[in-house]
Amino acid sequence: MFSRYSKPAKNAKAAPDLKAVDGGRATPSAPSQNGSNSKRATPPPHATRRQAPVQAAKPPQADKERKRKERLGEIKTDLHKELLDNLNLGALETAAEKDLRAEITDITSEFLNTRDVVLTRDERLLLNQELYDEVRGLGPLEPLLQDETINDILVNGPQQVFVERAGKLELTDVAFKDERHLLRIIDKIVSAVGRRVDESNPHVDARLADGSRFNAMVPPIAVDGSLVSIRKFKKDKLGIDELVSFGAFSEEMAAFLQAAVATRLNVIVSGGTGSGKTTSLNALSSFIDNSERILTIEDTAELQLQQTHVGRMESRPANVEGKGAVSQRDCLKNALRMRPDRIIVGETRGEEVIDMLQAMNTGHDGSMTTIHANSARDAVSRLENMIAMAGIEMPIKAVRSQIASAVNLIVQASRLQDGSRRMVSITEITGMEGDVISMQEVFRYERLGLAPDGKIIGRFNATGVRSHYSERFRQWGYDLPASIYEPWSD
Ligand SMILES: Nc1ncnc2c1ncn2[C@@H]1O[C@H](COP(=O)(O)OP(=O)(O)OP(=O)(O)O)[C@@H](O)[C@H]1O
Ligand SMILES: [Mg+2]
C-alpha cells in the first residue's frame, strides 16, 4: 500500500547528500551545517561568482529605435480607431479568427499605403497581432497571458507592468496607451464575467474564463492609475513529484504527508500571499482515495482535483444592488448536507471558520484548508481571532480546545527571499497543556547559507520527534520507517 518512501542507505556518507537541496536540485556538496568556512571544500556548482554582464555602450541607434517605436505606437492608435470605425463590431464576437485576421490585415495594408508607411515583414506581423489582440483579446496583456512561464501579471497604472517568473518580479516593456486604454481592457474583462467596475464600484475580484484569478482597483481609489493583478491559472498544477523535484519539500516529507492525508488527518496549509498554499493543498489532495466524495469550496475556483467524485463550489459576492451574495459559509453549511467524505475550503478567512472546525470535529475528518499566517503558532492565533471576530463568545480555553481537537497538522508554506517556494515546516497539534495548545514540529527547512548568486542554500530535515500519529499510520497500513524521523547530522 505504501510505496512512496525509500530512504538511501544509512552508510551513504561518501555518497552525494541528496537531502541538501538548492533551488530544487540535489546538490552533492552543501556547506557544513556548523558554518565553518574552512570546511567548504568543494563549493557548490552555483558558488562560482558569475561575471557581471558588461554593460554595452548605448548605440546611437537606440535613440532612433525609440523614436521608431513611438511612431509605431502612434500608428497603432490611429489604426485601432480606423479598425473600430470599419469593422462591424456586432459581428466581431462571432467572426471566425481567420476572417477577422484577414480583415485586419486588409485594413492595415490600406492604412499603411495611404500614409506611405513602410514596415518590415516582422513589424507588420507584430502590428497585425497586436491589433487582433486589441480587438478580440486583452490588448497588451494578451502576450503575457499566453506566456506559460509567467505566473502573475501586476499592472500599476498604464505605464508599468510587472510579471512574476520563477518566483522573481520583472518589469516588462509592456504598456497601455493611457489610463483610458487600461480601463477599457479592465472593462472588457469584467463585463465578460457579468461584473462592473467604475468610480462608484471601484474594485472587483473575478475569475477569468480560463480560470485565472483577476483583481482590479480603479481610480480614484487607485491613485496613480488602475491597479490590476492576475494570478494565471496553471492548466497542469504542480504535483507532488514535481514539487519534490523543485525542492518544495523532501521525499520524506511527501511520504509523511501521504500518510497524513490518506489516514484522514485534518490539515491546514498556512502561508503568506503567493507562498504556494493553493498549490500545496492541490498536491496534497492527490493522496485522497479515488472512492471518496470530495466537496471543494473556494472564493475563486482554483483547485484541480484528480479524483472522480468531486463537487466544486464557488462563493459569489453581492451584485451592484448589494444582493445575491453567497458566502463561503453558506456553501460550507450546505456542503455538510451533501454527504461529503471530505471538505476542502480553498482559504479560510472569516466566519466560515466555525463551520470548518465543526466539520473537522464531527465526522468530516480528512478535511483541508489554507490560512494566511506566518507560522504554525500564528495560524492557530489567526483561527482564534477569526472565531472571535465571527462574534462567537466562548472562553479562550474552549476555543483552543476546539481548535486542538479539530486540527491535526499545520503545513507551513513560504516564499523565500530568493523567490523559491518551500514547505518550511510540518507541525502536529498534539493536544492541550493547561490553556495552551501543544504542538510539535516534525520536519523543517534549515537554512545553511547564501550562495553568491543570491540563492539560499538549505536542506529539509527531521527534527528528531516521532510523529504523534505514527501508531495511526501503522494501523492504516502506512508503516513509515522510524528512520524518517531521524535528523541528518553532519
Ligand atoms: N514549489 C513551487 N515551485 C515553483 N512555483 C510554485 C511552487 N508553489 C507554487 N508555485 C507557483 O507560485 C504561484 C503562487 O502559488 P499559489 O497560488 O499556490 O500561492 P497561494 O499561497 O495560494 O497564493 P494566494 O495567497 O495569492 O492565494 C503559482 O503560480 C504557482 O504555480
Ligand atoms: Mg491561494
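The values are calculated or read from the model by the stated rules, or taken from the named source; none is laboratory data. Predicted model, so just to flag it, every value in this text is computed and none were measured. Reconstructed Cβ throughout: ideal geometry from the backbone, glycine too, with neighbour counts over all protein chains shown.
Key figures
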quantity	calculated
Lone unmet requirement of (1) within 16 Å of Pro143 (Cβ to Cβ); (2) buried (at least 17 other Cβ atoms within 10 Å of the Cβ) for Glu179	(1)
Strands (runs of 3 or more DSSP E) within the range 300-403 that include 1 or more residues β-branched (Val, Ile, Thr), surrounded by 15 or more Cβ atoms within 10 Å (Cβ to Cβ) and touching a residue at least 60 places away in the same chain (Cβ under 8 Å)	342-345, 368-372
Count of the range 247-267 residues which are part of a helix (DSSP H, G or I) and within 16 Å of ligand 2 (Cβ to nearest atom)	0
Cβ pairs under 8 Å, 6+ apart, first in the range 154-173 and over 20 Å from Arg184 (Cβ atoms) and of a type in the set (A, V, I, L, M, F, W, C), second modelled with pLDDT under 90 and outside any strand (DSSP E or B)	Ala166/Gly419
Matching residues, the range 106-118, being touching a Leu at 6+ places or on another chain (Cβ under 9 Å) and of a type outside the set (A, V, I, L, M)	Thr108, Phe111
Flag if Arg312 is more than 16 Å from ligand 2 (Cβ to nearest atom), under 21 Å from Ala359 (Cβ atoms) and of a type in the set (D, E, K, R)	no
Some residue of the range 271-291 being in contact with a strand residue (DSSP E or B) (Cβ under 8 Å, 6 or more places away or on another chain) and away from ligand 1 (no atom under 16 Å from the Cβ)	yes
Of residues in the range 218-239 being within 12 Å of Ala206 (Cα to Cα) and of a type in the set (A, V, I, L, M), the one nearest to the chain's Cα centre (by Cα)	Ile230
